[in-house]
1. Which value in nm describes the separation of the simple spin-label points at Glu56 and Thr551, placed 7 Å from the Cα toward the beta carbon?
2. Just order 390-397, 418-425 by mean Cβ neighbour count inside 10 Å, highest at the front, would you?
3. Excluding same-chain residues fewer than 8 positions from Lys375, which aspartates and glutamates have a Cα within less than 15 Å of its Cα?
4. I need the calculated FRET efficiency for the pair Gln353 and Ile289, taking r as the beta carbon distance and R₀ as 35 Å, to the nearest 0.05.
5. Report the full-extension gain for the segment Ser345 to Arg142: residue separation times 0.36 nm, less the Cα-Cα distance, to one decimal in nm.
6. Averaged over every viewing direction, what's the projected area of the C-alpha convex hull for segment 228-323? Give it in nm², one decimal, please.
7. Calculate I(q)/I(0) for the chain by the Debye formula, one identical point scatterer on each C-alpha and no solvent, and give its log10 at q = 0.07, 0.10 Å⁻¹ to two decimals.
8. Per residue and in cubic angstrom, what volume does the convex hull of the Cα atoms of segment 284-403 have?
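Values in this text are rule-based calculations from the coordinates and carry no lab data. Note that this is a predicted model, so its numbers are computed, not measured. For neighbour counting, all protein chains shown are included, and Cβ atoms are generated from backbone atoms with ideal geometry for every residue, glycine included.
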Amino acid sequence: MVNFLALTFLCVLFGSVADAAIVEHTFHVQNLTITRLCETRVITSINGHLPGPKIEAHEGDTIVVHVINQSPYNISIHWHGMFQRLTPWSDGPDMITQCPIQPGNRYTYRYNVTGQEGTLWWHAHVSYLRATAHGALIIRPRHGVKAYPFTRPDKEETIILGEWWNANVVDVEQEALNSGGAANISDAYTINGKPGDLYNCSEDQTHKLEVESGKIYFLRIINAALNTEFFFKVADHNFTVVAIDAGYTDPYETDTIVIAPGQTVDALMRADADPGRYYLAASPYESTIGLPFANITTRGIVEYVSNVSASSYSDSTPIMPVMPVANDSDTTYRFYTNITGLVRSNSPAVPLQVDEDMLVIYGLGLTPCRPSQTKCNATIGSIAASMNNVSFLFPTKTSLLEAFYKNEPDVYTEDFPEKPPTTFDFTNASAITNIFTAKGTKVKKVKYNSTVQVVLQNTAIIGTENHPIHLHGFNFFVLAQGLGNFNESTAVKKYNLVNPQVRNTIAVPAGGWAVIRFVANNPGIWIMHCHFDVHLPLGLAMAFEVENGPTPNDVVPPPPEDYPTC
């Protein structure tokens, strides 16, 4: 009996190890000549495609990606939503966990897929390059595990929403930084790199999804846009949301999906409309009154086909969904606040004891023009962004993670404030008297395995806006969201400590707040920032320094041999 039990244990142990695989890719970062909107442009692409390669792995696998930079720009790749436990050197944000990969150089990202399944994505984390350097990262359940905790779909479809500029996106960013003003808005929105038939010269650049009546389609929706939140609809069809940010949810029925840059939404769609052709469409949600934005729509086509002929309805005119108006905050708020997390036997429980309690207010502001900003109006100053009145300044010679590992002084300080320096009516524009902020490279130091709670409070400084805040290295529980100023005595009564949604990117309501909570069980340096790329270089970011843990398995390992140098 003992030998039989031992043999069984070894079979289970080595069987699970054998099921794990190494998923290996090579990314060539290179120029690609491409035509969109009647114009030919040179963009930065991965392996000559837009979007770039889809990475597919199972929970328990190891992902290895060799990035070879054959472009004229510095590059780094962020694996958005991956925990990177004990592989912080592979997280990817420029000057946070690594120096960029310079032209002509290469770097190998290697990390395990542990405790995660669902739809994530990868993207460039230097300048505006993620506009064209991005792709899907699909994590399937571990081998031998039941596929999904919902109705088995008949087919999957990955839908990546994006933006397109008739310009070099690096130049777009540099011109804005040089002037101290806002960046030019995009010229088009895209679905899987295609603008759709509403744009000039784009009728043959329209994404198409063929469906059969009665079948269920699993839509993996990713917002890879730089600066735009989207409403997403399919005419005469409804969705059942089953996951967000690679976290399963209780089934949520809706006809409109709202998705911010950085977020993913998994939704089931049953092909139950009358056979024909229907537009699937994405239009912008813009929460700030008076802010210029591209009030345009991208659309693809859902086309019913019969089992006999794939062109049964190809001549019919597609039906267009009625899209929400661009400032429809009611629809947005309803979608973001009604989703709850799916509790399963292996779901982590919400920690009830909080060790670090922070109030972080954030928004736009002004700083004095820097000498490098040759077109900046010195009288007005330069647009900046801040958290707790600290406008994040990226280091230039050493990444924060390398400085943490080597205990190098003078790269950053550990005095990021736990609360704003002054308290005021945050969401009342008339109550704001100071719109200036100061640059600084400050982090918040927390102990390993401590529970961190952050109240994210939007402000009305230079306008209210729905900012998508992304935390690297962790998922977090969204305990509550609301409008106006956060009031702890009333908000705590609304905390969902049973089945809150779990995210890595939260769109905090315009003129409102959200409470997030996470366990700092991943040592290293992890940035938290606005996923509007227009706001990141302005300083709408901060970082957590998570101390090493008590055992060798809780300590940041040495950097890999090919770790990029500045």
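1. Computed distance between label sites Glu56 and Thr551 equals 3.6 nm.
2. Descending mean neighbour count gives 390-397, 418-425.
3. Asp171, Glu173, Glu175
4. Plugging the Cβ-Cβ distance into 1/(1 + (r/R0)^6) gives 0.30.
5. Fully extending the segment from Ser345 to Arg142 adds 71.5 nm.
6. 7.6
7. -0.40, -0.84
8. Here the figure is 349 Å³ per residue.
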